[in-house]
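Beneath this line is the structure, given in structure tokens, with notes to follow.
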Amino acid sequence: MNIQSYLSKKSKQVDQALENCLPGAGEYPKHLHQAMRYAVFSGGKRVRPILVLAAAEAVGSKAQKVMPAACAIELIHSYSLVHDDLPSMDNDTQRRGKPTCHIKFGEDTAILAGDALLTLAFKILSEGSFQAPSQELKRRLEALGLIAQAAGNYGMVGGQVLDMEFQKKHQNASVSDKDLPAMEFINVHKTGALIAVSTRVGALLGGGTKAQTEALYRYGKRIGHLFQIVDDIMDKEGYAKILGAQQSWKQAEALVLKAKQELKIFEKKAATLEALADFILMRKN
Ligand code: GRG
């Protein structure tokens, strides 16, 4: 399994599908549509959509079948980064080495571009469903609800609010291991939920059995946790601050093993997901 060539092939397919979902830059209202496109096409790794596609492949589906869900999740991820960078949140001026959306388009347009990306995600998830057979329709509705749950108050948005409170509380105080449970709760929701729902709906919409879908959901949760630990090691934040880099690496490696345990039932079909776990551990950005 050459994961680099898999990633580059799939991210090109995701980019093409995103291009088909998004309004053109010249379409009215131009400023809004340009901001939406800027948020989506500025060099993201496409980890979440690729997890959706790879989970579908692990249950024996064609990746293309779950492409709308993969795009929807990437649009939600893109919106979350636009809003996370706003002055009232992290107040960042740069993302992926470029000016953040609000620096380039103004704060008002950036807020609205985020809103529009989030709502577009659900439009894409609903598309074509009137013609779907009833079993397929049920799976689509379930996936739509799961994605909404992962993105909203019980998932990413809830985690973001708790993180803001946590940051305020620790502005002048250092973090210690007694803060670990609170930090884990935040991460499971803020970062983990959208990653875990990616493999879950990839399996569900790919036609996986209950056991397969649950195994890939557990895999996704491990990967989400892993993603955050590696992020913290790179940024010398969170886990790295509390546990130190060496201990954080140990935790990350243990999570890779646990994630791979969940893939045993898929045998060779999960080779990509195995390689993706290693890739997330070793990623450099
Ligand atoms: C504003 C509702 C709202 C939520 C924001 C996810 C999030 C919540 C904020 C992002 C903060 C952050 C940098 C978290 C660390 C993990 C993470 C999500 C990194 C960015 O994801 P990548 O590396 O991004 O997949 P790319 O650039 O590849 O798309």
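Some points to look at:
- Flag for ARG139 being away from the ligand (no atom under 14 Å from the Cβ), open to solvent by 60 Å² or more (accessible area, probe 1.4 Å) and at pLDDT 95 or above: yes
- Only one of the numbered conditions (1) touching a Ser or Thr at 6+ places or on another chain (Cβ under 7 Å); (2) more than 16 Å from the ligand (Cβ to nearest atom) is violated by LEU180, and that is (1).
- Residues in the stretch 85-109 that are closer than 22 Å to ASN153 by Cβ and touching an Asp or Glu at 6+ places or on another chain (Cβ under 9 Å) were compared, and the one that is surrounded by the most Cβ atoms within 10 Å (Cβ to Cβ) is ASP85.
- Residue list for the stretch 105-132, restricted to those being free of Cβ contacts under 8 Å to residues at least 60 places away in the same chain and hydroxyl-bearing (Ser, Thr, Tyr): THR119, SER126, SER129
- Qualifying position, being assigned to a helix (DSSP H, G or I) and crowded, with 22+ Cβ neighbours inside 10 Å, among ALA270, ALA254: ALA270
- Within the stretch 204-224, at least one residue is surrounded by fewer than 23 Cβ atoms within 10 Å (Cβ to Cβ), among the small types (Gly, Ala, Ser) and farther than 18 Å from PHE279 by Cα.
- Restricting LEU86, LEU75, LEU53, LEU81 to residues that are within 19 Å of VAL40 (Cα to Cα) and part of a loop (DSSP other than H, G, I, E, B) narrows the list to LEU86.
- Residue check, ARG222 under 18 Å from the mean Cα position of the chain (by Cα) and without any contact (Cβ under 8 Å) to a residue 60 or more places away in the chain: yes
The values are calculated or read from the model by the stated rules, or taken from the named source; none is laboratory data. Please read all numbers here as calculations on a predicted model, not as lab measurements. Virtual Cβ from ideal backbone geometry, glycine too; neighbours counted across all protein chains shown. The accessibility values were calculated without ligands, DNA or RNA, using every heavy atom of the protein model including side chains. Shrake-Rupley method; radii C 1.70, N 1.55, O 1.52, S 1.80 Å.
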